[in-house]
Structure formats: structure tokens, C-alpha cells
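Working notes, structure below.
The values are calculated or read from the model by the stated rules, or taken from the named source; none is laboratory data. These numbers come from a predicted model, not from an experiment. All Cβ positions, even for glycine, are placed from backbone atoms using ideal geometry, and neighbour counts span all protein chains on display. When the accessible area is computed, the model is the full protein with side chains, heavy atoms only, and any ligands, DNA or RNA have been set aside. Shrake-Rupley method; radii C 1.70, N 1.55, O 1.52, S 1.80 Å.
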Amino acid sequence: MLEYKVVDIRATGRTPETVGADMEKALNDAAAEGWIYRDTRPIIYNSSTTGYFLVLFDRERN
């Protein structure tokens, strides 16, 4: 059976380099814990431009 993890990364008002660094850290941290990357979804919040990215992971439950 799978378990899931979702990491939110704020993008609004931040440089692409900063958002990219946060994405890289989230991916590396999750991989070190055995999570497998599955998808990234942009989230529009308060009718503005993309405010967040949701990074989705799963792994086999122990």
C-alpha cells in the first residue's frame, strides 16, 4: 500500500532562483527519506498569479 506526501512551495513575490532552490531542497530531502517524486502542480491562490507549487511524492508504506 502507498502513502503520500505533499510539499507546498510558495512562489509569489520570490525570484525563480529562490523557488528553484526550495524545489531542489524538497526533492533531495524527500528522496533521502525514500519518497518517489510523482508530480508538481501549480496552485492559484486568491485569484492572483500562481502562488504555490504542490510537489507530490509517494512510497511504499512499511
Can I get the semi-axes of the chain's equivalent ellipsoid? Compute them from the C-alpha gyration tensor as square roots of 5 times the eigenvalues, in angstrom, largest first. 24, 14, 6
Could you tell me which of G13, F57, I36 has its Cα farthest along the dipole of the chain towards the positive end, charges placed at Cβ (Lys, Arg +1; Asp, Glu -1), taken about the Cα centre? G13
Sort Y37, Y52 from largest to smallest accessible area, using a 1.4 Å probe on the heavy atoms of the protein chains. Y37, Y52
If you fit an axis through the alpha-carbon atoms of helix 16-32 and take the longest principal axis of the Cα set of the chain, what angle between them do you get, 0 to 90°, nearest 10? 10 degrees
Amide hydrogen neighbours beyond the local backbone of A11, cut-off 5 Å, H modeled: Y52, F53
Region 12-62: trypsin sites (Lys or Arg not before Pro) in DSSP loop, at most 10 other beta carbons within 10 Å: R61
Let me check against my output: what whole-number percent is the relative contact order of the chain, with C-alpha pairs under 8 Å and at least 6 apart? 49 percent
Ordered by number, the GluC sites (Glu not before Pro) in the chain that occupy a DSSP loop and have at most 12 other Cβ atoms within 10 Å are E33
